[in-house]
Amino acid sequence: MIRWLGLYSAVFSLGVQNAFVYRWNFFFRAAFGLLPLAATIWIWKAIFAERGADVGGYSFGEMVSYFVAVTVAESLVSPTDDEWQIAADIRDGRMSAFLLRPLDYFAYRASLFLSSRVVYAGVALVPLAAVVWWLPGELRWPADGMTWAVFAGALVMAAALQFLIAFVLATLAFWVLEISTLVFILYSFEYFLSGRIFPIDLLPAGLKWTLLALPFPYELYFPVAVWMGKLTGAAMWSGLAIQAAWTLGMFVLSRWLWRRGVMRYGAYGG
């Protein structure tokens, strides 16, 4: 166990060092990622000016809090090109270097994913602090420690779920030469159904609860809804259970696809 921890701690350290090489890229991505947030806030400000003080159960301050929280959560949990890198390792034959060593490729990629998220979150704090300073009276914060704890757990599982979905997509490169079409199709659904564009609360009740049976809302919407107190009591705990079930299911699927893929993997050349 100590040897295992030492090995992947070293991988994590290398990932952090590699990310710091491109720290300005991280910073500018975080900074310019706030431009859509500013545009979204102005659009919703116009909507509230037209519709009144309440839209779908949200006040203007709550809507601002929602999109700020989505921006923060996205920087903490979303993979950065992991699926493309894994697929390239498979397609270009670089996987052989990992299969010949006592190294679990899944744990290796998970360590790199974690390291990039740590660096990105640290760099993103500066522009996000500017948003908090810009809108101090509009933001809403959890009222109790339990909400913070459930939010933290939901955020960790959201990161795991997004990484596992990316890994599952990438392992399809064992069977499909080019996965870009599949990635774009799935991520199109993810972009609209994860809560990036609008809170899922705004949908009709039947459609909302149907979507909450899918994995996409648990990537962003669910942690943010818990943080804001929009999901409490039985709804919060059942949502946490569904999120855990999807995370576990994706983990099992990723390991199964990996084992099947490695059995048919072949690398040729000098």
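What follows is calculated from the coordinates using simple rules that are stated; it is not laboratory data. Note that this is a predicted model, so its numbers are computed, not measured. Neighbour counts are summed over all protein chains in view; Cβ atoms, including those assigned to glycine, are modelled from backbone coordinates with ideal geometry.
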Checklist outcome for this item: With 0.36 nm assigned to each residue of separation and the Cα-Cα distance removed, Leu253 to Leu177 gains 25.3 nm
Next on the checklist: Taking the number of other C-beta atoms within 10 Å as the exposure measure, put Leu100, Leu211 in order starting with the fewest.
Outcome noted: Leu100, Leu211
Item to check | Relative packing of peptides 157-168, 86-97 - highest average C-beta neighbours within 10 Å first | outcome: 157-168, 86-97
Checklist entry - Which values of log₁₀ I(q)/I(0), to two decimal places, follow from the Debye formula for segment 175-242 at q = 0.11, 0.16, 0.22 Å⁻¹ with a uniform point scatterer at every Cα? => result -0.30, -0.57, -0.91
Checklist outcome for this item: Given 41-48, 215-222, the highest-first ranking by average Cβ count within 10 Å works out to 215-222, 41-48
Checklist entry - What is the spin-label model distance, in nm, from Asp144 to Ile47 if the labels are put 7 Å beyond Cα along the C-beta direction? => result 3.0 nm
Checklist entry - What is the fewest-to-most order of Met228, Met63, Met146 by other Cβ atoms lying within 10 Å of their Cβ? => result Met146, Met228, Met63
Checklist outcome for this item: Ranked from fewest to most other Cβ atoms within 10 Å of their own Cβ, Lys230, Lys208 fall in the order Lys208, Lys230
